[in-house]
Amino acid sequence: MAKDKIKKEKSIEESLWDAANKLRGSIEPSEYKHVVLGLIFLKFASDKFEVRREELITEGKEKYLEMKDFYNMKNVFFLAETSRWNYLIKNAKQDDIALKIDTALNQIEKNNPSLKGALPDNYFSRLGLDKSKLSSLLDTINKIDTQKDKSQDIVGRVYEYFLSKFALAEGKGKGEFYTPKSIVNLIAEMIEPYKGIIYDPACGSGGMFVQSIKFIESHHGSKQEISIYGQEYTNTTYKLAKMNLAIRGISANLGEKAADTFSNDQHKDLKADYIMANPPFNQKDWRGPQELIDDPRWQGYEVPPKSNANYGWILNMVSKLSNEGVAGFILANGALSGGGEEYKIRRKLVENNLVEAIVILPQNMFYTTNISVTVWILNRNKTAHSRSIGDEERHYRDREEEVLFLDLRQIGEPFEKKFIQFSPKHIQDIAKTYHDWQQENTDYKDIPEYCYSATKVDIEKKDFSLVPSKYIEFVNRDENVDFDSKMAGLQSELSDLLQQEEQSKKELLDVFNELGYAIKL
């Protein structure tokens, strides 16, 4: 039964994808994700509206049916009649259906201030979509019953599936709005964002926030005890993030508008308990030669070089960590050993006891690039203390003089033929290694080619390089080979081969001899 249910949901996702693909050719691939995701949002918002409307009727409150406060109080968006899904389906074959969709989205945003700047603006009319293809897409989305099984989070899954597929479809150099799910899961399981303020300075489509909420729910926490802050530079991605969070009922402050985190920091005084981020890799010319020289975010450190933003992102996050704050973020491997100002900043981060773990990931995990990347974990409080996470208690030991290095390049499973991802079991095992290392009285131990707990003295001896292979023991498998037995084996194999060759040669000569054509050698 359970298998049948999963299969049926998957077919909805696939048929939606097929319908979306029919739009290819009529609009740019980078555009049509906004078309599809905008419509999925509209369907979901409408279904929730209808459920609340039925509740009001059942409660005998018909006179409040058109009052938006009675919807907003239950975290439901109020929809005017012409914004409702049923109205659009009734008019799906009309010539002006694109205009009607634009009007519906505009009205929803106007009636619900929390969606300000989130929904596509006059988008469908401008694209000049083929009417029959748009109608077909509406029919397909109409088949999703978003309220059928709330525990399954069908819309969330569909939305996530589409974000992933769009990132795959857009491929290398694009799809930057999406961080592969298994990497986000790994970071969440390592830094455990359970209660407090979560911040992502390059939030993309909001995947880090979604996973944080899932982590809280899986540990019986309350999302009411979390405050979410983010910022995103690209306007269309900013809208994707707002829709992604709204569709899941997650409140967030993503700033007034899409804006550059460096030149227009929208959360200047923020102190976060958790930071999760996947900023752009090796971003060049992120500031002018004389810009941001005296920025308070670099206070106590060198000014990050304008040739690469990696250390600008790191110091932005360090400046926003609370006294107990933990950050988990992804950077290109070059940041582990860069020279110049990068070296000086990295050295100070180590000396200030901020670096907690460096985790090198397998290649081919990202849809947009195949460069090698690393997860950095920074922690403001590496002293001995205790903390509760749901039903679990963590008793941390003092790790101020230590950094954990993890090499995950031999871990992972194939995904979509040419990519690698972590399975839930992989993530569980990796997070356990990290948490065992952090705590007292566990069975953590260094494992060759996987993990090593380095001291600050070790790191100083390596001139503050954070490249994991400089610390994690390498196993030379050739070293333990018994040379004599190996040569004896080869000798026997070659002897057999030569004897067989001699026998074949003799048989061939005999055949020719019997035929009267003896071969003289």
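The values are calculated or read from the model by the stated rules, or taken from the named source; none is laboratory data. In this text, all values refer to a predicted model and were calculated from it rather than measured experimentally. As a convention, Cβ positions derive from the backbone with ideal geometry for all residues, glycine included, and neighbour counts pool all protein chains shown. Accessible surface areas use protein heavy atoms only, side chains included; no ligands, DNA or RNA. Shrake-Rupley method; radii C 1.70, N 1.55, O 1.52, S 1.80 Å.
For this structure, a couple of remarks:
- Simple point charges give the picture: +1 on the Cβ of Lys and Arg, -1 on the Cβ of Asp and Glu, and for the stretch 225-339 a dipole about the Cα centre of about 340 debye.
- Listed values (i) 23.9; (ii) 26.3; (iii) 38.5, entry calculated as mean projected area of the Cα convex hull in nm²: (iii)
- Accessible surface of the stretch 37-108 [probe 1.4 Å, protein heavy atoms]: carbon and sulfur percent: 50 percent
- Spacing of the two label points (7 Å from each Cα toward its C-beta) at Ser307 and Glu256, in nm: 3.7 nm
- Counting only DSSP beta bridges with both residues in the chain, the antiparallel share comes to about 60 percent.
- Taking the longest Cα principal axis of the chain as reference, the axis of helix 340-351 is set at about 90 degrees.
- Over the chain, Cα pairs under 8 Å with separation of 6+ residues give a relative contact order of 10 percent.
- Angle in degrees between helix 207-218 and the longest Cα principal axis of the chain, rounded to the nearest 10: 90 degrees
- The stretch 235-314: Lys pairs at Cα distance under 19 angstrom, eight or more positions apart or on different chains: 4
- Listed residues Asn441, Thr369, Leu406: farthest to the positive end of the dipole of the stretch 352-496 (Cβ charges): Thr369
- DSSP loop chymotrypsin sites (Phe, Trp or Tyr not before Pro) with at most 15 other Cβ within 10 Å excluded, longest remaining stretch of the chain: 1-473
- Euclidean distance of C-alpha centroids, the stretch 257-327 and the stretch 95-138, integer Å: 36 Å
- Of the cross-linked pairs Lys116/Lys165; Lys382/Lys425; Lys63/Lys223; Lys68/Lys195; Lys425/Lys470, those separated by over 29 Å at the C-alpha level are Lys63/Lys223; Lys68/Lys195.
- Once the Cβ-Cβ distance of Glu473 and Glu413 is raised to the sixth power relative to R0 = 35 Å, the FRET efficiency obtained is 0.90.
- Accessible surface computed residue by residue for the chain, with neighbouring protein chains in place and a 1.4 Å probe, gives 50 Å² per residue.
- Accessible surface of the stretch 204-247 [probe 1.4 Å, protein heavy atoms]: carbon and sulfur percent: 45 percent
- Using C-alpha pairs below 8 Å separated by at least 6 residues, the relative contact order for the stretch 380-443 is 28 percent.
- The C-alpha atoms of the chain define a longest principal axis, and helix 154-170 lies at about 60 degrees to it.
- Relative contact order of the stretch 438-521, pairs being alpha-carbon contacts under 8 Å that are 6 or more residues apart, as %: 19 percent
- C-alpha center-to-center spacing [the stretch 401-440, the stretch 445-516] in angstrom: 28 Å
- Carbon-plus-sulfur accessible fraction, the stretch 376-459 (probe radius 1.4 Å, protein heavy atoms only): 48%.
- Diagonalising the gyration tensor over the Cα atoms of the stretch 181-311 and scaling each eigenvalue by 5 before taking the square root yields semi-axes of 27, 16, 14 Å, largest first.
- Restricting the GluC sites (Glu not before Pro) of the stretch 449-521 to loop positions (DSSP other than H, G, I, E, B) with no more than 15 neighbouring Cβ atoms within 10 Å leaves Glu449, Glu473, Glu479.
- Summing Cβ point charges (Lys, Arg +1; Asp, Glu -1) relative to the Cα centre of the chain gives a dipole of roughly 2040 debye.
- Amide H contacts under 5 Å for Gly230, placed H, 5+ residues apart: Asp200, Asn253, Leu254, Gly255
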